[in-house]
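Written out below as structure tokens is the structure these notes cover.
The values are calculated or read from the model by the stated rules, or taken from the named source; none is laboratory data. Predicted model only: the values in this text are computed from it and were never measured. Note that we place each Cβ from the backbone using ideal geometry, even for glycine, and neighbour counts take in every protein chain shown. Ligands, DNA and RNA are stripped out before the accessible areas are found, and what is left, the full protein with its side chains, is counted by its heavy atoms. Shrake-Rupley method; radii C 1.70, N 1.55, O 1.52, S 1.80 Å.
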Amino acid sequence: MELLRAHGARRIVIAVGYLGGLIEEHVADGARFGLEVLFVHDGPEPVGTAGAVRRALPLLGDEFMVLYGDAYLRVDYADVARAFRRSGLPALMTVYRNRGRWVPSNAVYDEGRVIAYDKASPPPGAEWIDYGLLAFGGSPLETNGRTDLADVTRDLAAAGRLAGYRASERFYEIGTLESLGETDRFLRQPAASTS
């Protein structure tokens, strides 16, 4: 929350699923973080990442960003938004040149576009990874019936409709106990929480 506020966020919509009430209880309305925070719940059955964002569309503007909840990203969020607007495309994926270092690379990026992406079956020549921050105009999610954002962005890349933004700082995530420990150590460094 502090990182997003430091980068100019004022309003955040959090899509929550299993045990999401605990997150809502902790964050509340966001006032203590200097933010307005709203929540959208999966309901009794999971609806997938794209389904969750689709449910949030009434609370979002015409253009919005999606940040994965398990990622800590040191990127210029305002510059990502500007790059998205300049692209003229319906979506943008931030990418990081991973070359298989942390997890298998899953994207092919070239001159401001993601030209191939597949999280499940990485395309030949993939040296980049989905960094965990997407930008959308609402229409790709309204018209694509996919339930996973990875499928939506794969389809957009295949159609030549997915802009790309090169992130230069590595990502931190909490998907495993090892990566949780690594992220915790990073965040305990002075000034890391807003850089």
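For region 32-117, evaluate the Debye formula with one uniform point scatterer on each Cα (no solvent term) and list log10 I(q)/I(0) at q = 0.16, 0.22 Å⁻¹, rounded to two decimals.
Those come out to -0.89, -1.37, one per q.
What residue among VAL16, ALA28, PRO122 has its Cα farthest toward the positive end of the dipole of the chain, where the charges are +1 on Lys, Arg and -1 on Asp, Glu, each on the Cβ?
In the chain, that residue is PRO122.
Would you please state which residues of region 30-61 a label at ARG5 would reach in this model, taking the label point 7 Å out along Cα→Cβ and a backbone N cut-off of under 13 Å?
30-37, by backbone N distance to the label point.
Could you state how much accessible area PHE84 has, in square angstrom rounded to the nearest 10, with a 1.4 Å probe and all protein chains kept in place?
For PHE84, the solvent-accessible surface is approximately 10 Å².
Can you tell me the order of 145-157, 178-190, 10-22 when each peptide is scored by its average per-residue count of other Cβ atoms within 10 angstrom, highest first? Present the calculation step by step, with values, prior to reporting the outcome.
Values: 145-157: 19.8, 178-190: 12.1, 10-22: 14.3.
For the peptides 145-157, 178-190, 10-22, the packing ranking is 145-157, 10-22, 178-190.
When the accessible area of the chain is computed with all protein chains present and a 1.4 Å probe, what percentage of it is carbon and sulfur?
Numbers: 5400 of 10590 Å².
Solvent-exposed carbon and sulfur of the chain make up 51 percent of the total.
For the chain, what are Rg and Dmax over the alpha carbons, in angstrom?
Rg, Dmax (Cα atoms, Å): 16.3, 46.
If the only charges are +1 at each Lys and Arg Cβ and -1 at each Asp and Glu Cβ, what is the size of the charge dipole of the chain around the Cα centre, to the nearest 20 debye? Walk me through the intermediate numbers first.
Working: 22 positive and 26 negative charges, 115 e Å.
In debye, rounded to 20, the chain gives about 560.
Can you tell me how much longer the chain between GLU24 and GLU169 gets when fully stretched, taken as 0.36 nm per residue apart minus their C-alpha distance, in nm with one decimal?
Extra length available between GLU24 and GLU169 comes to 49.3 nm.
For ASP42, what is the net charge nearby, where nearby means another residue's Cβ is under 13 Å from its Cβ and Lys, Arg count +1, Asp, Glu -1? Please report the intermediate quantities before stating the final value.
Values: positive: ARG54, ARG55; negative: GLU24, GLU45.
Local charge sum for ASP42: 0.
Could you work out the relative contact order of the chain, using alpha carbon pairs under 8 angstrom and six or more residues apart, expressed as a whole percent?
Numbers: 331 pairs, mean separation 47.4, N = 195.
Answer for the chain is 24 percent.
Residues of region 1-98: accessible area per residue at 1.4 Å, in Å²? Before the final figure, lay out each step's value.
Numbers: 5300 Å² over 98 residues.
Accessible surface, normalised per residue, equals 54 Å².
Hey, could you grab the Kirkwood Rh for region 99-171? Inverse mean 1/r over distinct alpha carbon pairs, Å, one decimal.
On the way: mean 1/r = 0.0797 Å⁻¹.
Evaluated on region 99-171, it is 12.6 Å.
Pulled fully out, how much extra length does the chain show between ARG74 and THR147, if you take 0.36 nm times their separation in residues and subtract their Cα-Cα distance?
Values: separation 73, 0.36 × 73 = 26.28 nm, distance 2.73 nm.
Between ARG74 and THR147, full extension yields an extra 23.5 nm.
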